Amino acid sequence: MTITYREAMREALHDALARDPRVFLMGEDIGKYGGSYAVSKGFLDEFGPDRIRDTPLSELAFVGAGIGAALGGMRPIVEIMTVNFSLLALDQIVNTAALYSHMSGGQFHVPLVIRMATGAGRQLAAQHSHSLENWYAHVPGLTVVAPATVDDARGMLGPALANPDPVVIFEHAMLYNAEGELTDAWRSADLSSARVLRPGTDVTLIAWGGTVWKALEAAKSLAGAGIEAEVIDLRVLRPLDDATVMDSVRRTHRAIVVDEGWRSGSLAAEIMARIMEQALYDLDAPVARVCSEEVPIPYAKHMEEAALPQTSKIVAAARQMLGKAEASA
Amino acid sequence: MIEFKLPSLGAEMDEGTLVEWKIKPGDTVHKGDVVAVVDTSKSAIDVEIWQDGMVLELLLELHQTVPVGTVIARLLEPGETPEHADAEKRRIAEAAAAKPPAAPAPSAPTPTKVVPATGSEGRRRVSPAARVHAQTLGIDLARVTGTGPQGAVTIEDVERAAAQKPSADDRALAMRTAIGAAMARSKREIPHYYLATDIPLERATRWLAKRNQGRAVTERALMAAVFLKSVALALRKFPELNGYYRDGGFVAGSGTHLGVAISLRQGGLIAPAIRDVGSLSLDELMKRLTDLVARARALTLKSSEMTDATITVTNLGDQGVEVVHGVIYPPQVALVGFGKMSVRPWVRDGNVMAEPVVTASLSADHRASDGHRGALFLNELNRLLQEPEPLDEAPK
């Protein structure tokens, strides 16, 4: 069945609300307005204002309320409009939600799910367009996932709710309208493994969230040039699935990480470091990365496009790595 | 363009100081000419060149000290013009300039002028995987052309180089060098001890003759195969002679993989392995031995055969010598030698008899075993050859 990413996410939420009375949604504009990306449209009428709660514009307050509810036995799903705004709630997430299990010696858990949109491409300018997944992937105590496919959009929420400790779900804003085939694989979605989306022999492209589709497109284009790229959808940003990455790199001997975050201090840097640590002697070329330019993401369309990792940049990086760079015009 | 590098002039030499240039730009040089005098820690040495060419530029000044491998002069190859060389130089310079602004090269004792443009400190760009691959295949990276990004050597380049057959001259020279390096290392690092014993072969000879009777020539087994089999079986009781000395410790071999020293017609020698000799029947072993010798002489050995041996067996009986005092092939820890099998006076039951006798010798690494055990090994070898019948079969 072909559905959109938005529909898959919506089905997942609907299913969770219908199954478990402890589950409720909370966030800005998720009720009357139906969610800024229309994921929870109609939910208010169906489930009522106790379970679909519009909140004041204070991320600090409503994430904190979510933590309290989770500690009290509920299974809150908190939506934050974009990762940029989540910085207002960083103290609650990093200093409270992520720490309770550790600081209480396992006596208290915070079974909180936080959903947030991330990424650029919709001309929403710098304050709505950044990719700060790596900030969260840095923090022990959090599980961080980035569903890229409709299967994962549909499937990851279940295990996230079942997780006793906080889970952050990053939904790339450009994916909501993307269509995909929903397969039975969604039922076995986990919060621990990366997945090879396209097998290849010459270079491994490692991507997640919004860049997965650019990597797949790049792989298609590279195939035309005789380069078979393997594409890994990382899926889970913390904890990282090293085994899948290393297994692939040991076969292809080359790796390019595609990360919509800024290069310096990026998650791409972490993945590259792990490849150096674990697979250096299998590498046939320095590991490369395609990241966003180190500027606040611009508003102007052509500049926004220029700032982001694009298929053409991935293709160029792969060709150069294989010594098959196209002559520059 | 020829990049003439300061060659290593001895195992202990890692740098040299220029005393004198014997050439100047414009000179024509021939293979074997002395081009410079270089002072090493031990003495002044005449440095020869191994290619014909015309001197383009000298990159080393008097009294300058540089590490081995530094390019000290550039020469034009026969038929090459200075324009050619300029173009190539430009290409190298551009490749260097195209490098990302890397951290400054670690300060080296080399003046910048003589640092090759291919990388800091003259280290070539070789991918880690290619380096491992070259080592596995026994490929000299200096002979591999890099086609990867910025001219780096890739796995594919190593494989291409491995597929190319070097010319006989190069090969003979390379082999001499390789043997020299391995044997120098052996004598430098391995505290050898040597033992030898005479082994009467009356029974073994008779048994073998009877066994070969009525068989076609190609079906017959040679005493050499009997020796190999008995060495492999004896090793089972003396694992400390079968394996490698690595990183300061002995590592037992995974099986009795016997390196068989084979001299090549064009000179030189190789010792490819027959795997698990202890578990082969004599017929199978003979078949493998025949095949191995043929392929060794045709130079079509597999790389695994070149690296698998856990001990070496050398048989110099055909050359008429009585005793072999072998040099262990590192990282192995022992070498078994067989001399000429000859009819000698031998005392049996109080009578002097004329019997075929061979002198078997053992060179072993004192870090891995002692002479007492070595002696017991030779005794076991002797014992096995006195009752040769069980050598025929593949043991359970």
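The values are calculated or read from the model by the stated rules, or taken from the named source; none is laboratory data. Worth saying up front: this structure is predicted, and the values here are computed from it rather than measured. When we count neighbours, we look across all protein chains shown, and the Cβ atoms used for this are built from the backbone with ideal geometry, even at glycine.
In the set (1) more than 14 Å from chain B (Cβ to nearest Cβ); (2) under 18 Å from the mean Cα position of the chain (by Cα); (3) surrounded by 18 or more Cβ atoms within 10 Å (Cβ to Cβ), A:Gly265 fails one condition alone, (3).
Within the option set A:Glu277, A:Glu270, A:Glu260, A:Glu230, being farther than 18 Å from A:Lys313 by Cα and either touching a strand residue (DSSP E or B) at 6+ places or on another chain (Cβ under 6 Å) or away from chain B (no Cβ under 14 Å) (or both) holds for one residue only, A:Glu270.
Restricted to strands (runs of 3 or more DSSP E) entirely inside the stretch A:13-86, those with at least 3 residues that are within 18 Å of A:Ala160 (Cα to Cα) are A:23-27, A:75-82.
Among residues of the stretch A:285-308 that are within 14 Å of another protein chain (Cβ to nearest Cβ), those with a Cβ under 9 angstrom from a residue that is in a loop (DSSP other than H, G, I, E, B) and hydroxyl-bearing (Ser, Thr, Tyr), sequence gap 6+ or separate chain, pair up as A:Ala285/B:Ser127; A:Ala285/B:Thr154; A:Pro286/B:Ser127; A:Arg289/A:Ser266. Filtering the stretch B:338-395 to residues that are over 24 Å from B:Ala224 (Cβ atoms) and within 34 Å of the chain's Cα centre (by Cα) leaves B:Asp365, B:His366, B:Arg367, B:Ala368, B:Ser369, B:Asp370, B:Gly371, B:His372, B:Arg373.
With respect to the conditions (1) farther than 30 Å from B:Ala354 by Cα; (2) away from chain A (no Cβ under 14 Å); (3) surrounded by fewer than 16 Cβ atoms within 10 Å (Cβ to Cβ), B:Gln135 falls short on a single one, namely (2). Evaluate the following for A:Leu44: is it assigned by TED's automatic domain parsing to the domain that holds A:Glu7, buried (at least 19 other Cβ atoms within 10 Å of the Cβ) and of a type outside the set (Lys, Arg)? Yes. Where strands (runs of 3 or more DSSP E) fall wholly inside the stretch B:260-372, the ranges with 3 or more residues that are β-branched (Val, Ile, Thr), assigned by TED's automatic domain parsing to the domain that holds B:Val231 and under 30 Å from B:Pro191 (Cα atoms) are B:311-315, B:351-365. Quick one: is B:Val251 of a type in the set (Val, Ile, Thr) and modelled with pLDDT of 95 or more? Against the criterion (of a type in the set (Val, Ile, Thr) and modelled with pLDDT of 95 or more), B:Val251 does not qualify. The residue of the stretch A:96-114 that is farthest from the chain's Cα centre (by Cα), among those that are under 14 Å from A:Ile80 (Cβ atoms) and without any contact (Cβ under 8 Å) to a residue 60 or more places away in the chain, is A:Leu112. Among the residues of this structure, A:Arg289 does not count as one that is in a helix (DSSP H, G or I), assigned by TED's automatic domain parsing to the domain that holds A:Glu228 and closer than 16 Å to A:Leu205 by Cα.
Rundown of residues vs (1) hydroxyl-bearing (Ser, Thr, Tyr); (2) in contact (Cβ under 8 Å) with a residue 60 or more places away in the chain, yes/no style:
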{"residue": "B:Asn315", "(1), (2)": "no, yes"}
{"residue": "B:Tyr329", "(1), (2)": "yes, yes"}
{"residue": "B:Leu335", "(1), (2)": "no, no"}
{"residue": "B:Trp346", "(1), (2)": "no, yes"}
{"residue": "B:Thr359", "(1), (2)": "yes, yes"}
{"residue": "B:Ser369", "(1), (2)": "yes, yes"}
{"residue": "B:Ala375", "(1), (2)": "no, yes"}
{"residue": "B:Asn379", "(1), (2)": "no, yes"}
{"residue": "B:Leu384", "(1), (2)": "no, yes"}
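Every test in (1) surrounded by fewer than 24 Cβ atoms within 10 Å (Cβ to Cβ); (2) hydroxyl-bearing (Ser, Thr, Tyr); (3) touching a residue at least 12 places away in the same chain (Cβ under 8 Å) is passed by A:Ser129 save one, and that test is (1). Filtering the stretch A:33-68 to residues that are under 23 Å from A:Asn177 (Cβ atoms), modelled with pLDDT of 95 or more and in contact with an Asp or Glu (Cβ under 7 Å, 6 or more places away or on another chain) leaves nothing. For the structure I just gave you, tell me whether A:Ser312 is in a loop (DSSP other than H, G, I, E, B) and more than 14 Å from chain B (Cβ to nearest Cβ). When the stated conditions are applied, A:Ser312 does not pass them.
Within the stretch A:231-262, track down each residue that is in a helix (DSSP H, G or I), touching a residue at least 40 places away in the same chain (Cβ under 8 Å) and not basic (Lys, Arg). Of everything in the stretch A:231-262, those that are in a helix (DSSP H, G or I), touching a residue at least 40 places away in the same chain (Cβ under 8 Å) and not basic (Lys, Arg) turn out to be A:Thr244, A:Val245, A:Ser248, A:Val249, A:Thr252.
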